[in-house]
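Visitor: Here you go, one structure.
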Amino acid sequence: MNQLIETSFVGPMHNRIMDDVTKLPSFPKYTDREVYATAKARIELYYASNNLGKPDVIPFDDVERNILKVMAANNDMKPYFSELLSERQIVQKQYDFLIEINGKFLNAKDPNKVGSDLFDIQQKVHEEPGLSFNQKALVFGAAMVGISSAPYWYAGLRNPNSPWGQGDDPPPAAAPWWVRGLRDLAGFVGGFVVGELISGGNPVVGVAAGAATAAGCSAKD
């Protein structure tokens, strides 16, 4: 993996993982561990089928720990990204991009506008001279997850015939589509950081770990 575009599969794969979750026998009463197993199986199959190398998906405990951190940030990921920055798990320029992405999601009305804005941010990430490939891959991949998950949740939550459907009158405690999308990409960031760390800087493992954690954050609410 030596081109940013090679991380683009994480967005569509995230949506396929969410579709897989709806087919669990326990749906909609699944557990975090069931979601993790579903994501891990999907990721490993995709990597093997496309000769992407061994994903070495991080252990469930690491995924769960990051899911809880993302969920604790509620509907605004700025505190979560600030924590990653203060812990030196991301650098300032990554943080700046992530805060920009965060702002595109907050109280968003149109998933297509979110996708267009995130595409523009991806171009800026690609051209940024002050970041290494791995540092760019974290932000680029997060944006890709957001581009895919925003319309997925917008359509899925509003369609009463969808397994995720809530219709136009969702339960009062239900998270809106943009919150789910924002949690997805924040989960990808947290998972990528852990995967890259335990693999000694291998972006293949970082992307896989990010995909697994993003799925857990989607399914948590």
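Visitor: By a straight-distance test (C-alpha under 17 Å), which aspartates and glutamates pair with Lys104 as possible cross-link partners, with residues fewer than eight away in the same chain excluded?
Guide: By straight Cα distance, Lys104 reaches Asp76, Asp96, Asp117, Asp120, Asp184.
Visitor: If you take the beta carbon distance between Ser26 and Glu127 as r and set R0 to 30 Å, what does 1/(1 + (r/R0)^6) give as a FRET efficiency, to the nearest 0.05?
Guide: 0.10
Visitor: For Lys220, give me every one of the lysines with a C-alpha distance below 20 angstrom, ignoring sequence neighbours fewer than eight places off in its own chain.
Guide: Lys23, Lys29, Lys40, Lys69, Lys78
Visitor: While we're looking at this one, here's another question. Dipole magnitude of the stretch 48-182 about its Cα centre, charges +1 at Lys/Arg Cβ and -1 at Asp/Glu Cβ only, in debye to the nearest 20?
Guide: Dipole size: approximately 100 debye.
Visitor: Another question, then. May I have the pair-distance distribution P(r) for the chain, computed from all Cα-Cα distances with 5 Å bins from 0 and rounded to whole percent?
Guide: 1, 8, 17, 21, 22, 16, 10, 4, 1, 0
Visitor: Per DSSP helix of 4 or more residues, -39500 (n - 2.57); summed, then divided by the residues of the chain. What does that give at 222 nm, rounded to the nearest 500?
Guide: Working: 9 runs with 150 residues, N = 221.
After summing the helix terms and dividing by residue count, I get -22500 deg cm²/dmol.
No lab work stands behind these numbers, since they all come straight from the coordinates. Remember, it's a predicted structure, so these values are computed and weren't measured experimentally. We place every Cβ from the backbone using ideal geometry, glycine too, and count neighbours over all the protein chains shown.
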